[in-house]
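Every number in this text was worked out from the coordinates using simple rules, so none of it is lab data. Predicted, not measured: the structure shown is a model, and the values here were computed from it. Positions of Cβ are backbone-derived with ideal geometry, glycine not excepted, and every protein chain shown enters the neighbour counts.
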Amino acid sequence: MHSAAPRQISFLAFCTANVIVDVEPLYYMVTGQFPLHRLFHTYIGVSPVIAATVGLFAGALRLAAVVPVPDVFGWKQLTLRAVVIGAALGGYSHIVFDSIMHSDIRPLAPFSQSNALFQVVPLQTLHLSCIGAGALGLVVLGVRKMLRGKSDSAKR
């Protein structure tokens, strides 16, 4: 989705939300507690993660106004809207995909303890679909960059 609308969807926020969500099962793995997927792996629980991602971005922008901070991946040019959309897509899609993969996820908790998406598609199909979507996204980004390069050189 980022490749189709790179200015409207922050891939950086998408990734950040995903990493924050997975801090939860990492903690439970390290401490040997089960189930691994708990609050952050619910639609309600991921919402504060999305808000935290947006808050981190806003805080980093404020800090960058006072302290020289490198503009790695061009994050200073991101709009708040792009960050919100990217974080929301990252957080909520994480719950969808992990619901398909992991039996211990209860995505609708506390309202339901069921997981209707578990194994709705085979794991290999899910992984290949994600790889295919990523490859398609890279192709789209590459074509967009190539076309932008041609239009920039035509302006000179």
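Which one is nearest to V46 (Cα to Cα) among residues in the range 65-115 that are aromatic (F, W, Y) and touching a helix residue (DSSP H, G or I) at 6+ places or on another chain (Cβ under 6 Å)? Of everything passing the filter in the range 65-115, W75 is nearest to V46 (Cα to Cα).
Looking at the structure I just gave you, is D98 farther than 13 Å from L12 by Cα and of a type in the set (D, E)? Walk me through how you get there before you give the answer.
Numbers: farther than 13 Å from L12 by Cα: yes; of a type in the set (D, E): yes.
Yes: the conditions hold for D98.
Over 18 Å from G134 (Cα atoms), of a type in the set (S, T, N, Q) and in contact (Cβ under 8 Å) with a residue 60 or more places away in the chain, is that true of T79?
In short, yes.
Looking only at residues of the range 124-133 that are of a type in the set (A, V, I, L, M) and surrounded by 11 or more Cβ atoms within 10 Å (Cβ to Cβ), we find that the one that is nearest to the chain's Cα centre (by Cα) is A133.
Taken over the range 66-100, the criterion of being under 30 Å from Q113 (Cβ atoms), of a type outside the set (A, V, I, L, M, F, W, C) and more than 13 Å from the chain's Cα centre (by Cα) is satisfied by S99 alone.
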